[in-house]
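The structure under discussion appears below in the form of structure tokens.
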Amino acid sequence: MWAFIFANTPILQYSSTPKEVATCTGNPSNGGTDLALETGFSMLNKDLNTKDKTLDNLVAAADQFKPQGTVIDIHEYGNGNINDTFLVTLDSKAEKHFILQRINTQVFRQPKLVMLNMRTFTEHVRKRLQRAPLSPGRRWEVVGVLLALDGQDHWLDPVGSFWRAISFIDDAQSFDTIKDIEHAREVGYALGMFQNLLSDLDTERLADTLEGFHITPRYLLHYDEVLAKNRTSKSPEVAYGLQFVSERRDWAQVLENARAQGRLRLRPIHGDPKVNNVMIDTGTGQAISIVDLDTVKPGLVHYDIGDCLRSGCNLLGEDIEQWEMVRFDPELCQAILQGYLSLAKDFLTDSDYDYLYDAIRLLAFELGLRYFTDYLEGNVYFKANHQEHNLARALIQFKLTESIESQETTIRVIIQDIR
Ligand code: GN1
Ligand code: MG
């Protein structure tokens with residue numbers, strides 16, 4: 001049997017949580033890389049510098065969590081920007097896969113608290129679904145944490161890396177970009193469901209595991225520090241980025257000002273509800289989970305809405321070369337919001353609606369700013385495949401922000417019609 005933190009789960013099946021399970025359109029890396037043959041940049045970047053040593057380490061980590069059977073394959077999985085994620089395959093018929101992750105403790109400085117939040121979340125949702133089951137025919141899964149041999153929810157390896165294992169959701173997949181309007185609606189539904197299930201959890205019960213996360217003025221402060229310390233190149237792209245940020249920095253306080261004025265309040269949020277964290281049932285096409293629970297913590301629901309829409313309405317994805325082509329798709333925006341509001345109507349206030357447009361614009365801008373700052377700082381936060389990678393990613397988000405701005409009236413009408 002798998003060692004779940006919560007045993008006896010009559011309603012929920014504790015299954016997986018990869019970042020991106022199964023196929024992701026437009027992302028060849030998602031088929032996974034066989035570590036026996038090739039080691040990804042992320043691995044090369046770390047302390048594990050030879051392939052054999054890497055594989056040995058991975059198997060040692062996987063062995064800490066495997067309930068039974070023998071590990072027959074491990075490969076890098078998904079395309080997360082922070083943690084290292086692997087899919088482990090066992091020779092056991094009952095439980096064939098689980099997800100193994102090495103947490104980036106430079107980013108998540110208190111990984112034990114991340115695990116604690118995950119458990120608080122899981123326990124709360126389980127109880128909620130027992131009290132008020134879903135409408136018939138709907139499937140919703142909550143991933144489970146696998147315990148290590150010593151009964152803990154993580155394992156520290158001899159060099160101090162923090163490993164954890166998560167169960168795998170069968171018969172589900174996720175995509176890097178939206179496939180069609182129905183998919184868009186399901187992505188919105190998933191976010192509404194997620195927030196709805198958490199809407200009666202007291203934020204006091206969740207630790208702030210990533211201080212300043214999605215607080216745009218904090219990113220601006222850091223940006224200013226980086227600019228003051230580092231010599232920037234004078235390339236046209238950098239000049240464009242500098243100008244872009246400077247023209248929007250006063251407005252970028254908008255959500256935090258509203259919060260300070262008491263117009264918006266903290267709630268439990270997902271923190272990273274991008275399209276490829278939404279799991280879709282391979283049979284029905286319905287959303288059945290949002291995975292990647294590292295950033296579940298108190299925040300504004302606007303961070304989630306903005307993040308979901310900046311990800312969902314950009315059909316070209318977050319990692320393309322032709323950044324000038326990036327565009328925000330208002331039809332997808334409408335579909336995502338429809339799906340979202342089918343569940344979020346119950347807990348959104350008038351004031352919440354008033355800030356939806358700003359949230360959409362801000363989260364695209366903020367991610368651009370975060371990437372841009374990281375490029376200027378020398379790629380210390382987001383994993384990067386090459387020196388200019390985070391600059392390229394920043395330009396994509398800035399272009400998306402411009403597209404949102406140029407369609408402000410359309411987007412506001414969509415919000416108005418839907419509320
Ligand atoms: C990071 O690692 P990943 O892909 O789950 C980042 C998110 C960004 C996202 C952009 C903790 O998430 O905030 O939106 O990249 N996570 C953290 O793809 O910073
Ligand atoms: Mg994440």
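The values are calculated or read from the model by the stated rules, or taken from the named source; none is laboratory data. All values derive from a computational prediction rather than experimental measurement. Note that we place each Cβ from the backbone using ideal geometry, even for glycine, and neighbour counts take in every protein chain shown. For the accessible areas, the whole protein counts, side chains as well, though only heavy atoms, and no ligand, DNA or RNA atoms are used. Shrake-Rupley method; radii C 1.70, N 1.55, O 1.52, S 1.80 Å.
One table, with the values for the structure above:
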read-out	value
Cα gyration tensor, the stretch 64-155 - rounded (a/c under 1.5), prolate or oblate	oblate
Solvent-accessible area per residue for the stretch 225-340 (1.4 angstrom probe, square angstrom)	41 Å²
Amide proton proximity set for residue 297, modelled H, under 5 Å, gap of 5+	269
Accessible surface of the chain [probe 1.4 Å, protein heavy atoms]: carbon and sulfur percent	48 percent
Tensor-based shape of the stretch 321-377 (alpha-carbon gyration tensor, a/c under 1.5 rounded, otherwise prolate or oblate)	oblate
Solvent accessible area, Å² - residue 179, 1.4 Å probe, full protein context	110 Å²
Highest to lowest packing among 123-131, 165-173, 356-364, 62-70, scored as the average C-beta count within 10 Å	356-364, 165-173, 62-70, 123-131
Residues of the stretch 356-398 with amide N under 16 Å of a point placed 7 Å along Cα→Cβ from residue 231	376-378
Descending Cα extents along the principal axes, the stretch 161-320, whole Å	51, 39, 38
For the chain, calculated [θ]222 nm from helices alone, where every DSSP H run of n ≥ 4 adds -39500 (n - 2.57)	-13500 deg cm²/dmol
Of the DSSP H helices in the chain, those whose Cα atoms cover at least 24 Å axially and whose Kyte score averages -1.0 or more	111-131, 181-198, 356-377, 389-406
Full-extension gain in nm, residue 159 to residue 239, via 0.36 nm per residue minus C-alpha separation	24.7 nm
By accessible area with a 1.4 Å probe, ligands and nucleic acids excluded, highest first: order of 354, 272	354, 272
Förster radius 25 Å - calculated FRET efficiency between residue 203 and residue 135, Cβ distance, rounded to 0.05	0.35
Estimated translational D of the chain in µm²/s (Stokes, Kirkwood radius over Cα pairs; 37 °C; 0.692 mPa s)	150 µm²/s
Cα-based radius of gyration of the stretch 295-409 once divided by 2.2 N^0.38 Å, which approximates compact folds	1.11
